[in-house]
Every structure is written in structure tokens, then in C-alpha cells.
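Every read-out reported here was derived from the displayed coordinates using simple, explicitly stated rules and does not represent laboratory data. In this text the structure is predicted, and so the values were computed from the model without any measurement. In this analysis, Cβ positions are derived from the backbone assuming ideal geometry, glycine residues included, and neighbour counts consider all displayed protein chains.
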Amino acid sequence: MLSSLLWGLRNLWTRRGQAMAQAVLVAVGMGAAMGVARLEQASDKALVDELEGVDLILAAVGSPTQALLASVFHLDDPTGNVDSAWANQWMQHPAVARALPLAYGDRVSGIRILGCTPDFYAWKQVALEQGRLPSQPFEVLAGARAAQQLNLKIGSVFHGSHGTEGDAGDHEHHPYTVVGIGNARGQVVDGLLMTPLASVWAVHEDAPADYTAVLLQTKSPMAALFLPRSIRSSGMGMAVSPPLEVNRLRTLLDQGSQLFSIMSALITVVALVAIVLMWWNFSEERRAELALLRANGATAGQLYGFILAPFAGVLLVGWGIAWMAQFVWTLPFWPLEIPGGQWIPLDGYMLVAGLLSAALLALVPTYQMLRTPIHTALLDA
């Protein structure tokens, strides 16, 4: 059996160009499925990690989903600002355990400057790679990814520009200085430039010292249920419930992942059909060799191994390309780096499924060869 497998692989090598093209097609289908699985796994983890301890989001009236994406994941512009005096009343509410006010500043090459309090670093468990945490206005803690993209180091100075509230000018009279660089944690904060709230207010000195959003942690689940109605009735803002908005996001993610899964399955099926046609023609061309093997006492298992080797070889190479590709790409869906290259159960399932498919595909030409008389096979060849 082993010798017939090796012989089959040597024959596969004679058609390596065509075999590689089919392996790449298999890799595209399998790689898409692996990517979708990793996206779902990483997005679920991101939702849990980033929303930990956030029971409500206090924001200006507008789209709740936009407020969630803007204040937690920093994927969107905020719905506006909320009056700080009004927000402070809710931050000091007896049902609120902890409050985290945020103020959005300008951007630097698309990277957001976020005004926050010292509690933000503890809440988000920000770890330092170098330097220290900001303590004075215009001092900045650069997230690991932001520092890499902007080539920032301790002592680097930069200016913000193009604020999210319509400020389209550069603020050269308000330079920021990097005093700390965060350790990469695979979180949203890795892509932010964090500074005290006073920095943002000082840059926009003509605007009131308001908050962009406030993240609230309530003392009980019941408080998270009754506070939104009270906040909304005040008419000065809204309270967003992250679980409700996350369910909407999950629905969108599920729809997208299902579409990609269907596409990857279709690509894989097309690849399998192409492999069947190729190796059916191959077995027909090798009919004389197979007939001679049978005439010289080759068993059914040896014939099966000879035909199985090309099927298994193409599928294994395709799976290997798809899996190795996970090492060199990142999924840009979130403002996080979501690396591949990590083993997930689906990888093993697809490997087993590929081998089983090869085993089943090889049965048909083997059966066809076995049921054909030796002399007929030799004459047809």
C-alpha cells in the first residue's frame, strides 16, 4: 500500500502545475472558512473584553449603535457631546458604581486622540511598555499599535488635526508629548492616543468643557434596566444598553459570516469537482499501467492507494496553504490586530474532512478499474 501511495505521488509530480492550481483553489475555499471562523471567535472575544464592566453608555441623542461603536470600539464618530454638568449628576447617581467620562480630541493620521481620566487606564488594564502614564495636560500615552504606525517614541511631539466635531485645522499651538507607550494587548486601546481630559478641552478652548460619552457601571442589573428611562426622560441625552446593541451587531456579523461560509463552500466544491475530473482523466490515461499492475498481482488496496495519493496530495497541499496563510494576514474588521496562525478546532475538522473526501473520491475510479476486465483495459489503452 505504501509503495503504491508513493508511486501515485510521483505521478502527481508529473502534473504539478495543474495539481498546484487545484490546490490553490482548494486553499481559497478552506482559507475563507478558516478566516470566517477566526473572525467570529475574535469578534466574540473583543465584544466580551471591551464591554466588560460597561453596563450603560451615556451619550448625546442619536443612533444607539453609533454611540456604542464610537465610545467603546472607536469605529465611528460620536453622536455629539453631552453637557458635563448634566452628565456629572448621573455619574454621581446612587445606582452608579463607577463612571468613565471620555472626550474625543483630534486625530493624527486617522488615529484618535482620546481624552480620559486616570481611571480609564485601570479599567482597561492598560499596561506600560515604556515610560509612564500621563498626568499633565498634553501628555500622551500612545497605544502599542498607534505608536508603531506613527513611529512614536518617548519624548516624541506631534499636533492633532481634523477633529471629529468639524474642526478642520491643525493645532500647532498645542503640541502633544508622548510620555508612555502601552504594551500590546490586542485591544482597542492599542490603537489610541490617550491624554487627560483637560488636553482636549484646552485645544478646543472656544467650546464648552463637555464629555463626548460616559461609560457607566451600575451597582446592580436592575439599575441598568431602570436608569435608561430616567436618563432619556431628562431630554438631554440617552443611555445605551450595550447588550441590546451587541445583539444587533451579532446579527449583522452572523449574516456576513454565513455569506462567506456559503461562498467558501461553493469554492471548495468547485475545487473538488475539478480534482475529480482531472484525476478521472488521469486514471483513464494510466489505464494500461493499472491493468499491468493487476496482471502482475496488484491487490485492490494497492490500486486504491495509487489513485488515492493524487487526491490526498492535492487536498493536503491546499489545506496546508490555507492554514499557513493564517500566519501572514490579520483580520481588519475590528480596530484590533487579530492574527491567524493559531490552531482552532475547525482546522482539524477541515483536515479530516479533506482526507475523507479524498478517500471517497478515490473509490469511484478504483471501482471502475476493478470491474473492467484486464484484457479490456489493455485493449482500450
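Before moving on, here are some points about what is shown:
- Label positions at Arg232 and Ala274, each projected 7 Å from the Cα along the C-beta direction, are separated by 5.3 nm.
- Amide H within-cut-off set for Gly182, under 5 Å, with H built and near neighbours excluded: Glu129, Ala142, Gly143, Ala144
- Arranged from fewest to most other beta-carbon atoms within 10 Å of their beta carbon, Thr65, Thr218, Thr299, Thr268 become Thr299, Thr65, Thr218, Thr268.
- Reachable lysines, given that their alpha-carbon falls under 29 Å from the alpha-carbon of Lys153 and they are not under 8 places away in the same chain: Lys124
- Alpha-carbon spread of the range 56-240, three principal axes, descending order, Å: 46, 33, 26
- The listed peptides 306-314, 36-44, ordered by packing as a protection proxy, come out as 306-314, 36-44 (highest mean of other Cβ atoms within 10 Å first).
- Dividing the mean sequence gap of close Cα pairs (under 8 Å, 6+ apart) by how many residues the range 56-240 holds gives a relative contact order of 35 percent.
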